[in-house]
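The next block holds one structure in the form of structure tokens; read it before the comments.
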Amino acid sequence: MRLANDHAGLRVGCIYEITASRAKSSTGLSRPGKNTKLRAADKVSAVLEPMKKEDINPADEKLGTLLRESRTFPALPPRFQQNVWRRIEDAEAPAKSESWLDALSALILRPRFALAAAAALVLAGSLFGALEGRQAVRHDAQMNYLASVAPHALR
Amino acid sequence: MNRSLVILLGALALAAAVFAGSYFTAQRATVMCCTKPADDLSWLRDEFHLSDTEMTRIRELHEGYLPQCAEMCAKIAAKKNELESILGGSTNLTAEAQSKLNEIAELRAQCQAQMLQHFVTVSQAMPPEQGRRYLAEMQQLTLGTNELMEQSMSGDTGHEPHH
């Protein structure tokens with residue numbers, strides 16, 4: 001009986017080790033909390049672990065069935081590992097601009113761009129203002145001359 | 001409101017303010033620094049790129065013309081005063097008022113002829129190309145405006161039923 005118990009403990013221990021190793025090899029992850037299937041396997045193992053010490057009866061057909069069922073793991077969806085890593089990378093990556101408006105506002109907020117734009121605006125404003133002022137001065141001078149040689153009564 | 005839109009609108013407003021400030025400051029500064037109110041002939045020098053010799057000759061012509069112009073203008077002003085006094089006392093266009101109008105028109109024609117002769121003389125004191133440009137521009141500025149005034153006056157006369 002003792003042997004049987006030991007044998008049963010050995011089997012359960014094997015199951016636990018197999019469960020853990022398969023969980024690691026199937027996902028390739030070092031973060032067990034991320035995968036619900038891994039968590040399910042851990043729960044099964046956690047349930048089985050105290051049983052190997054005290055309450056395991058190898059003759060119990062139901063227990064045997066349960067143990068056999070516990071060995072089976074449902075297949076992971078295709079590209080599961082890549083998808084997990086992609087989601088992790090997306091979560092850790094800085095937030096990307098979602099539209100042209102966001103991209104433009106991000107560009108505007110860059111100090112280098114803001115300084116360049118301000119300088120260009122000041123330059124363009126000064127240039128156009130100087131040209132307009134020159135035109136106004138020319139027009140005023142023309143009117144002064146015209147007023148001196150051609151009074152309004154003649155025009 | 002979307003944060004990006006607020007940033008964009010704020011940046012546009014700021015850009016408009018910066019541009020407008022620069023524009024008006026530069027315009028004001030240019031007007032203040034470049035205006036020469038004391039000299040009526042500064043426009044001629046700048047516009048037609050005249051030398052000092054040409055400017056001296058043109059200044060002589062200008063100063064010789066001004067008294068003649070002032071004399072004609074004084075005669076026109078006197079005739080206009082007489083016309084106003086005649087029109088002020090009557091409700092009809094009398095023969096005397098018609099006579100004054102003719103005198104004023106004759107004085108204006110003489111004055112315009114004198115003015116055009118002055119323009120021709122000044123244009124001859126300039127380099128040929130600049131002279132032609134000056135003459136064309138002065139004729140356009142004086143006679144062109146006069147034609148517009150006459151057209152508007154003729155339009156007003158046609159729609160003046162009040163007596």
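Points worth noting:
- The stretch between A:L66 and A:R87 holds 4.1 nm of extra length on full extension. This uses 0.36 nm per residue minus the Cα-Cα distance.
- 3J(HN,Hα) along the stretch B:113-127: 5, 4, 5, 5, 5, 5, 4, 4, 4, 5, 5, 6, 8, 9, x Hz, from the Karplus curve 6.51 cos²θ - 1.76 cosθ + 1.60 with θ = phi - 60°, whole Hz, x for Gly and Pro.
- Spacing of the two label points (7 Å from each Cα toward its C-beta) at B:A16 and B:R59, in nm: 4.9
- Note, ³J(HN,Hα) from phi for the stretch B:101-109, Karplus 6.51, -1.76, 1.60, rounded to Hz, x at Gly and Pro: 4, 5, 5, 5, 4, 5, 5, 5, 5
- Applying both filters, DSSP loop and at most 11 other Cβ atoms within 10 Å, to the GluC sites (Glu not before Pro) of the stretch B:50-84 eliminates every site.
- Extension reserve of the A:L107-A:A119 stretch, reckoned as 0.36 nm per residue once the Cα distance is removed: 2.7 nm
- Between B:A78 and A:A147, the simple label model (points 7 Å from Cα in the Cβ direction) yields a spacing of 2.6 nm.
- Cα gyration tensor category, rounded, prolate or oblate, for chain B with a/c compared to 1.5: oblate
- In this structure, the amide hydrogen of B:L50, modeled 1.01 Å from its nitrogen in the peptide plane, lies closer than 5 angstrom to no residue at least 5 positions away or on a different chain.
Rule-based calculations on the coordinates, nothing more; no lab input. Here the structure is a predicted model, which means the values were calculated and not measured. We place every Cβ from the backbone using ideal geometry, glycine too, and count neighbours over all the protein chains shown.
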